[in-house]
1. What pairs can you find where one residue is in region 13-24 and modelled with pLDDT under 95, the other is part of a loop (DSSP other than H, G, I, E, B) and hydroxyl-bearing (Ser, Thr, Tyr), and their Cβ atoms are less than 8 Å apart, with a gap of 6+ or different chains?
2. Restricting the first residue to region 53-75 and requiring it to be touching a residue at least 40 places away in the same chain (Cβ under 8 Å), which pairs with a second residue that is open to solvent by 40 Å² or more (accessible area, probe 1.4 Å) and part of a loop (DSSP other than H, G, I, E, B) meet a Cβ separation below 8 Å and a spacing of at least six or different chains?
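The values are calculated or read from the model by the stated rules, or taken from the named source; none is laboratory data. Here the structure is a predicted model, which means the values were calculated and not measured. Don't worry about glycine lacking a Cβ; one is built from the backbone with ideal geometry, like all the others, and counts go over all protein chains shown. Note: areas computed on protein heavy atoms with side chains; ligands, DNA, RNA excluded. Shrake-Rupley method; radii C 1.70, N 1.55, O 1.52, S 1.80 Å.
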Amino acid sequence: MTGSVHESDLDDERVIDEYRGTPEWDNEDGDLAEHGQISEVDLRLLGYRKEDLEAVFGPRTERTTSGRPVWDLRHV
């Protein structure tokens, strides 16, 4: 296992820990990609900083079945 993979895994765990127990993590929305959507958690796991998301992708204009605001994949 290389250092970068290990570091990436640690970063993912930090993101997951940040969201665990919140509606952003605990929901029944299923696979958002099937609906052409992507969540804040997914973008954070891809390496984007939380404070940069709306500046990069604009406001979240889509809603999941549970009502969470998310981004349309066509705009990401």
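1. Here the result reads PRO23/SER66; GLU24/SER39, each pair linking region 13-24 to a residue that is part of a loop (DSSP other than H, G, I, E, B) and hydroxyl-bearing (Ser, Thr, Tyr).
2. SER66/PRO23; SER66/ASN27; SER66/GLU28; ARG68/PRO23; ARG68/ASN27
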